[in-house]
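Data first, discussion second: the structure below is written as structure tokens.
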Amino acid sequence: MKHVLAISTLYPNPVNPRFGTFVARSLEALAKRGDWRVTLINPIGLPPLALGRYRPLADLPEVAGEGGVTIHRPRFTLIPRIGARRNAAAIARVVLPLVRRIHAEAPIDVLDAQFFFPDGPAAAIIAGEMGLPLSIKARGSDITFWGGRISQRRRCWMRRAQPQACWR
């Protein structure tokens, strides 16, 4: 059985049940095939004080199972409105130790970033550290929205992550 570890900042949860439902359906379909173990890391960005709309996110369980997919929801520090440019690095820092633990328990065959930003650069950092094959999906506004909003340096992160991804 092969093992895919997907990273997606958009994934349904009890607080945001419509977030990334297409990602959930595709991963659940892969899990139902029976020849893939599917693990998802859904990093949750929280400001230093998780108040207001962030409070329910802080209360989400850190591990859940849904539709044959094991879901991990580690928290990373998010700075609302101005912090998007640092999210990929923050995600990689928090997720790398978790990926190491998961890989030790059940070796990962491929790391799969579900969005090009911030998931792609974060996954590229992790895949490089772990020596894992990487796939990155570009979905709709990943490139156009984030490519126009983030700094030139962060756009370079996206460009550097792209050739690291497997194209088959």
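Could you check how many residues of segment 65-74 are over 12 Å from Ile44 (Cβ atoms) and of a type outside the set (Val, Ile, Thr)?
Number satisfying all stated conditions: 4.
Within segment 126-136, can you find the residues that are out of contact with any strand residue (DSSP E or B) (no Cβ under 9 Å at 6 or more places or on another chain) and in a helix (DSSP H, G or I)? If you could, list the steps in order and put the result at the bottom.
Our first condition is that a residue be out of contact with any strand residue (DSSP E or B) (no Cβ under 9 Å at 6 or more places or on another chain); within segment 126-136, this holds for 129, 131.
Within segment 126-136, Glu129 is the sole residue that qualifies.
Here is a yes/no grid of residues against (1) aliphatic (A, V, I, L, M); (2) buried (at least 17 other Cβ atoms within 10 Å of the Cβ); (3) at pLDDT below 95; (4) over 12 Å from the mean Cα position of the chain (by Cα):
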position	(1), (2), (3), (4)
Arg81	no, no, yes, yes
Asp109	no, no, no, yes
Gly128	no, no, yes, yes
Trp146	no, yes, yes, yes
Trp167	no, no, yes, yes
- Task: Answer yes or no as to whether Leu5 is open to solvent by 40 Å² or more (accessible area, probe 1.4 Å), closer than 19 Å to Val94 by Cβ, touching a residue at least 12 places away in the same chain (Cβ under 8 Å) and not aromatic (Phe, Trp, Tyr).
- Result: no
- Note on the structure: All conditions in (1) part of a helix (DSSP H, G or I); (2) at pLDDT 90 or above; (3) surrounded by fewer than 21 Cβ atoms within 10 Å (Cβ to Cβ) are true of Arg160 except (2)
- Log entry, pairs with first residue in segment 84-95 being surrounded by fewer than 18 Cβ atoms within 10 Å (Cβ to Cβ), second being of a type in the set (S, T, N, Q), beta carbons closer than 6 Å, six or more apart or on different chains, reads Arg85/Ser151
- Query: Going through segment 14-29 one residue at a time, which ones are open to solvent by less than 40 Å² (accessible area, probe 1.4 Å) and either in a helix (DSSP H, G or I) or more than 22 Å from Val94 (Cα to Cα) (or both)?
  - Reply: Val23, Ala24, Leu27, Glu28
- Wholly within segment 41-125, strands (runs of 3 or more DSSP E) carrying at least 3 residues that are out of contact with any Gly (no Cβ under 6 Å at 6 or more places or on another chain) and closer than 21 Å to His3 by Cβ: 63-66, 69-72, 110-113
- Task: Please tell me if Asn42 is free of Cβ contacts under 8 Å to residues at least 60 places away in the same chain and surrounded by 15 or more Cβ atoms within 10 Å (Cβ to Cβ).
- Result: yes
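The values are calculated or read from the model by the stated rules, or taken from the named source; none is laboratory data. This structure is a prediction, so every number in the text was calculated from the model and none was measured. Positions of Cβ are generated from backbone atoms using ideal geometry, with glycine treated the same way; all protein chains shown enter the neighbour counts. Just the protein is used for accessible areas: all its heavy atoms, side chains included, with ligands, DNA and RNA removed. Shrake-Rupley method; radii C 1.70, N 1.55, O 1.52, S 1.80 Å.
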